[in-house]
Every structure is written in C-alpha cells, then in structure tokens.
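Taken together, the values in this text are just the output of simple stated rules run on the coordinates, not laboratory data. None of the values given here were measured: they were computed from a predicted structure. Neighbour counts are summed over all protein chains in view; Cβ atoms, including those assigned to glycine, are modelled from backbone coordinates with ideal geometry.
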Amino acid sequence: MNVPLLDLKMQHQKIKDDIQQSIQKVIDSQHFIMGPEVAEFETAAAKYIGAKYAIGVASGSDALLLSLMALNIKAGDEVITTAFSFFATAGSIARTGARPVFVDIDPRTFNCDPNWIADALKKHKKAKAIMPVHLYGQCAEMQPIMELAQKHNCAVVEDAAQAIGSTYKGKKAGTMGALTGFSFFPSKNLGGWGDGGLVTTDDDNLGPLVRKLRVHGSSKKYYHQYIGMNSRLDTLQAAVLKAKLKYLDSWSAGRAERAAYYNKLFQSTGLPDTITTPYVHPDCNHIYHQYTIIVKGKPFGPSPQDKRDGLRDFLKERGIGTEVYYPLPLHLQECFTYMGYKPGDLPVSEKASLEALSLPIYPELTSQQQDYVVENIKAFMGK
Ligand SMILES: *Cc1c(COP(=O)(O)O)cnc(C)c1O
C-alpha cells in the first residue's frame, strides 16, 4: 500500500470543475495583476477569518515581512519568537534588520511557552514585537501572550501560516494579534497552485498601510509614500483560492476525523511509552495541518533521533511518507551563528527536533491507509 505524506490529486479530482471555471475567467479577461479576483478573495477571506482587513500578498513569508514593516520594525529592534518553526518566521524578522530573540516551547504543544516569553521580555528591553507561531494548526496560548505584549508595549504578529480556521478561546487565528500572516503554499490547509499569502488586521492604520506596502508603498500610481515591495497576490492564485475557500471547513473537519482515528489506533496499540500522540490544548481547536507524534529514543542508539529516523526509513521502505518539521531549531541555523546561540540553550526545541515525526494527514486519507501506517509503526517498535 502507498500512503503519501500528502496527496493533493484526490482533492483536485473533486473540485476541478469549480477551479477551472474560476481560472478560466482570469484567462479570458487576460488581466493577470490584481483585478476583481484578488478583491473578491480578500473579501471572502476577511469574512471567513473575521478580520476587518485581509490583504493578499505574494507568500506567507512576505505576509510576515510586510506585517513587521508596517509596524516599523527595523535595525536595533528585537522581536521575540519561537525557536521551533519554519525558517520564514525568523527570516522575516532578520530581513527587517531586527534581531530575533528565540524562546523555548511547551513540550506538549510545540508552541512557544509564554513563561519563556515573559523571561525574554525582562532581559530584552529592545523588544518591539512578539511573533507567536500557531504550529501544526494549533494556536499558541494567545491570552498570556497578549497580556505580556500589552504590559511591555510590544505588538503581536501572529504567524498563522499553518493555522487558517483554527481557534483559541473561540477566536480565530488572525484576529488576536495586531497583524497576522497566512500562507497559501500548496501544502497548507488552504493551498494555492503556487505561492501566495495574506495579511489580516483590524487596525484602520495598519490595514491601508500594508495595502500600500505590497505595491511599492504607493496608493496612487507612480507616487510613492513609502519604500514598500512588489508583493501582490497573483490573480490566478486568487481565483484558485476563492474557489477552494468554501471547502476549507469541511476539509478541516475531515482532518480532525482522521486525527481522531489515529488517536484511537494508537491507544489500542499499547505504545504509550514510545509514541506520544498530539496534545490538544483545552483552549484550542486544532485544524491538524500536521499530525505530529513524538517518537522517544530508548532503547536505540545514543540519540533519540536514531529511533525517530529509523522509524522514518522503515516507513519509507513500506511506501509511507513522513516528514520531520523541523530537524534543526532556528537558533542553531547556520545563518544565525552571529547571534551566538549554542546547543543546549533551548533544550525543549532541540529535543523536539530529534523526536517529532509528522504522519500523513488529509481529508481523503482512508481508514485502511491509517491502519497500515499504525500497524507498521507498531511493527517497528517491536510490539
Ligand atoms: C509555510 C510557512 C511560512 C511561510 O510561508 P510561505 O508561503 O512558504 O512563504 C511561514 N511560517 C510558517 C510557520 C510556515 O509553516
């Protein structure tokens, strides 16, 4: 049996007429920059997320960068963020000239731990913003984070690239921070046919500002109020995303069903000492961008990684795709050596990078495929 990590072909089969109609309109109009599709998608996305402004941009990475630019984050500033995320989280901060300050994570959720944010705010007086990431589709603990931000006069930029539709205490990702970045990279829960991103905000100054910054800081053609960038949401991508958005909640429900089925299978395998299934925080509604287990090290070699990577190879040989998000925490990336972090500085993130393993999860995954995945994990673990 073959169980790819992600199979977008099945999703496409079901919705292809919808999408083809939507992009055919763009093709017939030959209007490939902005135009009605971008505005229509922005309106639909703003409504879905519950934000006043939704601004389509070229990628999730740019959504974060533009959010920081709108806050005037610059060289000499610091931005507090998690050590355990995709590179773009930290890359966007460093791109502004500011310094990312990395904090460790809650080992249960893999999200930044508010206690460590409080600690960092005491030591880093130049912190101007906090960028929590809603990793794997589950929101960070936003209430304590917002309280800390307020106390220390910091802005919050949510990295919701993996969390569109996810909620925290009933509030959707993208409605809590001053600004939020979303990604429509094809493998995200709402994926385009290429790169794309979105910034949301409720702020009447920041919304129009991001709108200008994505077109070279201009609202009137050839007159530039700010130094922005070229980061529009591609019109063809907007057409694809507009057609897909109406399915998003049903896809999230499908992912949650698949996750519940994995949980049930793992509970019945008797592997609680070696496999930890995803922890769902009581304040959160997880959309399972990833279903990430923790594979513990013993009785294999010296590093927990030996067991996790051994399992990964074993599953690969049996046609099962998995991925490690992320094998090296941000504070230990080569490009950040100038900051002087050392192995051991953020031990929970470092441990997660050795033990986390994401399994195939998508609404079209079948129970038979999931049975096969868990049977093989059990076989490897020697039960
Ligand atoms: C995907 C992702 C991004 C960046 O999105 P792109 O659209 O690929 O630029 C940023 N942060 C996180 C956590 C992501 O998963």
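Only aspartates and glutamates eight or more places from Lys212 in sequence, or on another chain, were considered; those with a Cα closer than 19 Å are Glu37, Glu40, Glu42, Asp62, Asp202, Asp203, Asp204, Asp234.
Karplus-based coupling profile of the stretch 121-129, in residue order and whole Hz: 5, 5, 8, 10, 6, 8, 5, 10, 8, with θ = phi - 60° in 6.51 cos²θ - 1.76 cosθ + 1.60 and x standing for Gly or Pro.
Take each peptide in 67-73, 281-287, count the other Cβ atoms within 10 Å of every residue, and average; sorted highest first, the result is 67-73, 281-287.
Residues Lys221, Lys307, ranked from the fewest to the most other C-beta atoms within 10 Å, line up as Lys221, Lys307.
Report the local net charge at Pro329: Lys and Arg +1, Asp and Glu -1, summed over other residues whose C-beta lies under 13 Å from its C-beta.
Local charge sum for Pro329: -3.
Taking every C-alpha pair closer than 8 Å and separated by at least 6 residues, the mean separation divided by the residue count of the chain gives a relative contact order of 22 percent. The stretch between His124 and Glu317 holds 64.7 nm of extra length on full extension. This uses 0.36 nm per residue minus the Cα-Cα distance. Take 228-240, 185-197 and order them by the average number of nearby Cβ atoms within 10 Å per residue, most first; the result is 228-240, 185-197.
Extension gain for His12-Gln150 works out to 45.3 nm (0.36 nm per residue, less the C-alpha to C-alpha distance).
Within straight-line reach of Lys342, meaning a Cα separation under 16 Å, sit the following lysines at least 8 residues removed in sequence or on another chain: Lys351.
For the cross-link pairs Lys16/Lys169; Lys122/Lys172; Lys16/Lys220; Lys9/Lys242; Lys188/Lys221; Lys188/Lys264, which exceed 27 Å when the distance is taken from alpha carbon to alpha carbon? Table pairs above 27 Å Cα-Cα are Lys16/Lys169; Lys122/Lys172; Lys16/Lys220; Lys188/Lys221.
Spacing of the modelled spin labels on Leu328 and Lys342, each 7 Å from Cα toward Cβ, amounts to 1.9 nm. Pull up all non-local amide H partners of Gly228: gap of 5 or more, or a different chain, and H-to-H distance under 5 Å with H placed in the peptide plane. Those qualifying (amide H under 5 Å, at least 5 residues apart or on another chain) are His216, Gly217. Our coupling estimate for the stretch 183-192, obtained by passing each phi through the Karplus curve with A = 6.51, B = -1.76, C = 1.60 and θ = phi - 60°, is 10, 10, 3, x, 8, 6, 4, 10, x, x Hz, Gly and Pro reported as x. With the simple spin-label model, which puts each label point 7 Å out from Cα in the Cβ direction, the Ser268 to Lys25 separation comes to 4.6 nm. Each residue of the stretch 147-153 is assigned a 3J(HN,Hα), and the resulting list reads 5, 4, 4, 5, 4, 9, 6 Hz, derived from the Karplus form 6.51 cos²θ - 1.76 cosθ + 1.60 (θ = phi - 60°), x at Gly and Pro.
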